Amino acid sequence: MTDLNTLGEIGLIDRIRQTIPKPTHKETIQGIGDDAAVFDWGDDFGLFCTDMLVEGIHFDLTYVPLKHLGYKAVTFAVSDIAAMNGLPIQITVSIGLSSRFTVEAIDELYAGIRAACKAYNIDLVGGDTTSSRSGLIISVSALGKVPKEAITYRDKAQVNDILCVTGDLGAAYMGLQLLEREKQVFMADSGMQPNLSEERTYLVQRQLRPEARTDIVHELRDLGVVPTAMIDVSDGLASELLHLCRQSKLGAIIFDENIPIDDQTYLAADEFNISPITAALNGGEDYELLFTVRPQAFEKLATNSRITAIGYISSDSKYVGLSTKAGQLTPIKAQGWQGIFSLT
Ligand code: ADP
Ligand code: MG
């Protein structure tokens with residue numbers, strides 16, 4: 001028998017993909033392999049994706065309020081729709097519950113889900129409810145749409161495209177470090193109150209209540225810019241950049257001094273003795289968008305403070321590199337996949 005860790009998550013998904021027959025319906029435009037599946041919906045393309053969160057793996061209820069968790073679960077799915085340059089329309093929410101949850105706890109969870117539906121303008125149209133032996137499980141499936149001419153896949157980047165990222169990176173990871181540290185302090189002495197000062201609010205908020213960048217999808221539409229490729233940053237910039245480059249069969253160079261990092265992320269990284277660049281590259285859970293545009297199209301985005309150019313796409317498909325301020329060039333490697341199944 002083969003240990004799942006010999007494949008890792010990406011290897012496993014790839015193995016499953018190879019066993020699944022190619023789509024047979026003419027309506028199926030894109031199957032496994034992008035942020036969302038794509039189907040022909042007449043005037044528009046329809047988008048469809050699903051995400052699952054498992055207690056103890058994706059969240060820790062000792063410091064994650066259920067209301068925030070509900071919001072975050074919807075954000076995960078909406079972010080994948082945004083990564084196709086689309087907007088969400090409907091979601092279904094499925095939950096697995098153990099007997100330790102109260103009715104009031106589930107009310108809290110749904111208060112967060114409702115708030116997200118309002119913020120993203122989504123109808124909640126169904127789901128499933130089941131019992132669970134391993135705590136809380138939440139799965140959100142989302143349906144969205146995008147005008148056909150605006151669909152954005154992971155694999156259509158072109159040589160010399162400008163690599164852009166929205167917002168800032170690494171903050172959600174530093175927020176997690178802060179929350180984990182408070183948890184350790186609390187467990188050592190349950191009389192201690194969490195010590196999360198005001199300045200840390202941004203980091204904690206980025207971890208607990210991330211926003212999917214549907215605002216950027218609207219903005220790109222208003223400016224008449226269609227990215228050549230796009231992916232959402234759920235697992236860290238390094239991993240997403242490698243996906244985008246591998247699938248586009250091209251390489252890239254990014255510049256460390258251009259990676260957008262908030263001042264609070266710098267301060268916390270310093271305190272935890274973590275490189276802020278490492279937090280941005282490998283931290284994950286930022287839910288920003290990483291996309292490529294033709295150099296001419298970038299001119300329309302250049303003055304936008306929510307979008308930062310971090311590098312460019314190159315023809316050398318074997319090389320995805322980070323150029324440092326000190327003038328060094330180092331290859332970018334993804335982290336976080338190995339050992340993912342080793343928890344149980
Ligand atoms: P994301 O991080 O954007 O949610 P994933 O890495 O989870 O994407 O998935 C990559 C692709 O693999 C997606 O197209 C997804 O639908 C597909 N996928 C993931 N898990 C499975 C599975 N168990 N069976 C079939 N397809 C899967
Ligand atoms: Mg994604």
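The values are calculated or read from the model by the stated rules, or taken from the named source; none is laboratory data. Note that the structure is a prediction, hence the values are computed from the model and not measured. Heads up, the Cβs are rebuilt from the backbone with ideal geometry, glycines too, and the neighbour counts pull from every protein chain shown.
For Ala115, the conditions (1) of a type in the set (A, V, I, L, M); (2) out of contact with any Gly (no Cβ under 8 Å at 6 or more places or on another chain); (3) in a helix (DSSP H, G or I) are fulfilled apart from (2). The residue that is surrounded by the most Cβ atoms within 10 Å (Cβ to Cβ), among those in the stretch 30-66 that are of a type in the set (Val, Ile, Thr) and in a strand (DSSP E or B), is Val38.
Screening Gly8, Gly46 for residues that are under 20 Å from Tyr120 (Cβ atoms), touching a Phe, Trp or Tyr at 6+ places or on another chain (Cβ under 6 Å) and more than 14 Å from ligand 2 (Cβ to nearest atom) leaves exactly one candidate, Gly46. Of the residues making up the stretch 270-284, those that are at pLDDT 95 or above and surrounded by 23 or more Cβ atoms within 10 Å (Cβ to Cβ) are Pro276, Ala279, Ala280, Leu281. For residues in the stretch 11-29 being of a type in the set (Val, Ile, Thr), more than 16 Å from ligand 2 (Cβ to nearest atom) and not in a loop (DSSP other than H, G, I, E, B), which is farthest from Glu288 (Cα to Cα)? In this case the residue turns out to be Thr19. When the stretch 212-263 is filtered for residues that are surrounded by 18 or more Cβ atoms within 10 Å (Cβ to Cβ), assigned to a loop (DSSP other than H, G, I, E, B) and more than 14 Å from ligand 2 (Cβ to nearest atom), the ones remaining, listed by number, are Val225, Val226, Pro227, Thr228, Leu250, Ile259, Pro260, Ile261, Asp262.
I'd like the full set of residues that are away from ligand 1 (no atom under 12 Å from the Cβ) and in contact with a strand residue (DSSP E or B) (Cβ under 7 Å, 6 or more places away or on another chain), limited to the stretch 27-51. Answer for the stretch 27-51, where residues must be away from ligand 1 (no atom under 12 Å from the Cβ) and in contact with a strand residue (DSSP E or B) (Cβ under 7 Å, 6 or more places away or on another chain): Glu27, Thr28, Ile29, Phe39, Asp40, Trp41, Asp44, Phe45, Gly46.
Can you find a residue that is polar (S, T, N, Q), within 16 Å of ligand 2 (Cβ to nearest atom) and crowded, with 16+ Cβ neighbours inside 10 Å anywhere in the stretch 89-106? The answer is no, given that none of the residues of the stretch 89-106 is polar (S, T, N, Q), within 16 Å of ligand 2 (Cβ to nearest atom) and crowded, with 16+ Cβ neighbours inside 10 Å. Within the stretch 295-334, being farther than 21 Å from Asp35 by Cβ, among the charged types (D, E, K, R) and touching a residue at least 60 places away in the same chain (Cβ under 8 Å) holds for Lys300, Asp316, Lys318, Lys325, Lys333.
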